[in-house]
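Novice: Attaching a single structure in structure tokens format; questions to follow.
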Amino acid sequence: MHLFFLSDYWVLGNLNRKMIYSIVSNLYNQFDLNFRNLRNPGHCFWLIGCFIFIAVNNFLGILPYIFTASSHLVFSMTLALVSWTRYYLIRLIFSFTKFIRHLVPLGTPVLLLPLIVLIELVRGLIRPITLSVRLVANIIAGHLLLTLLSSPLSGLGWGVGLIGLVGLVILLFLESAVAIIQGYVFSLLSSLYLAESNRRNF
């Protein structure tokens with residue numbers, strides 16, 4: 001690991017290290033846009049860690065004979081609940097009265113107040129479920145498609161089998177892109193939820 005990441009051993013600099021630094025700095029700048037004027041800064045590093053963790057698990061799942069942890073609801077629900085607990089606890093501890101008032105839009109009729117509060121509470125409570133189900137559904141769909149397309153290839157002729165193999169390679173590249181995109185979407189949505197709950201003027 002030292003030879004791979006540290007620049008002390010390299011004369012011209014490690015290309016892999018530069019690439020990793022570029023990815024992390026771009027992610028930090030992207031998440032930092034959502035966290036300006038916040039009471040408790042420092043969430044960017046947690047979200048970058050989530051992105052790397054999810055992307056690496058997704059990539060490992062593409063390899064044969066490796067268990068795909070991110071395709072199971074326990075994995076994604078744990079990450080989603082940690083993020084959800086963080087922003088809900090911030091709201092409840094630092095601004096409980098504003099949190100309750102924020103559930104009701106201005107100009108709402110008095111008769112609709114209980115219904116609006118209930119709808120907004122349910123919307124906030126299902127956020128970890130939507131985060132985790134989105135991640136699991138996309139990963140499972142890609143793996144199922146790869147499995148369904150690769151199963152009949154062995155019984156086909158050379159010509160059709162070669163076309164199917166080319167299609168599988170293209171699908172494998174698309175699945176690699178999905179592995180990165182899903183980690184990014186999970187982290188970006190978590191950053192938006194954290195930013196909403198952590199604004200100073202909230």
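Novice: Are any residues in the stretch 44-71 over 11 Å from the mean Cα position of the chain (by Cα) and exposed (fewer than 15 other Cβ atoms within 10 Å of the Cβ), and if so, which ones?
Specialist: Listed by number, the residues that qualify are Phe45, Val56, Leu60, Leu63, Pro64, Tyr65, Ile66, Phe67.
Novice: With respect to Asp32, is the statement that it is at pLDDT below 80 and surrounded by 12 or more Cβ atoms within 10 Å (Cβ to Cβ) true?
Specialist: In short, yes.
Novice: When both residues are 6+ apart or on different chains and their Cβ atoms are under 6 Å apart, which pairs have a first residue that lies in the stretch 73-92 and is closer than 12 Å to Phe186 by Cα, and a second that is modelled with pLDDT of 75 or more and aliphatic (A, V, I, L, M)?
Specialist: Close Cβ pairs (under 6 Å, with a partner that is modelled with pLDDT of 75 or more and aliphatic (A, V, I, L, M)) amount to Ser76/Leu135; Ser76/Val136; Ala80/Leu131.
Novice: Please enumerate the residues belonging to the stretch 45-82 that are part of a loop (DSSP other than H, G, I, E, B) and over 23 Å from Gly124 (Cα atoms).
Specialist: Within the stretch 45-82, Leu63, Pro64, Tyr65, Ile66, Phe67, Thr68 meet the criteria.
Novice: A follow-up question, please. Say we look at the stretch 124-141 and pick out the residues that are in contact with a Leu (Cβ under 9 Å, 6 or more places away or on another chain) and free of Cβ contacts under 8 Å to residues at least 60 places away in the same chain; which of these is farthest from Arg91 (Cα to Cα)?
Specialist: Arg134
Novice: Here's a follow-up. Name the single residue that is modelled with the lowest pLDDT among those in the stretch 72-99 being hydrophobic (A, V, I, L, M, F, W, C) and exposed (fewer than 11 other Cβ atoms within 10 Å of the Cβ).
Specialist: If we filter the stretch 72-99 for residues that are hydrophobic (A, V, I, L, M, F, W, C), which is where we start, we get 73-75, 77, 79-82, 84, 89-90, 92-94, 96, 99.
Still in the list and also exposed (fewer than 11 other Cβ atoms within 10 Å of the Cβ): 74, 93, 96.
Working: Val74: 87, Ile93: 73, Phe96: 70.
Among those that are hydrophobic (A, V, I, L, M, F, W, C) and exposed (fewer than 11 other Cβ atoms within 10 Å of the Cβ), it is Phe96.
Novice: Another one. For the stretch 100-139, how many residues are surrounded by fewer than 11 Cβ atoms within 10 Å (Cβ to Cβ) and of a type in the set (Gly, Ala, Ser)?
Specialist: Final tally of qualifying residues: 1.
The values are calculated or read from the model by the stated rules, or taken from the named source; none is laboratory data. All values reported here derive from a predicted model rather than from experimental measurement. With ideal geometry, Cβ positions are generated from the backbone for all residues, glycine too; neighbour counts draw on all protein chains shown.
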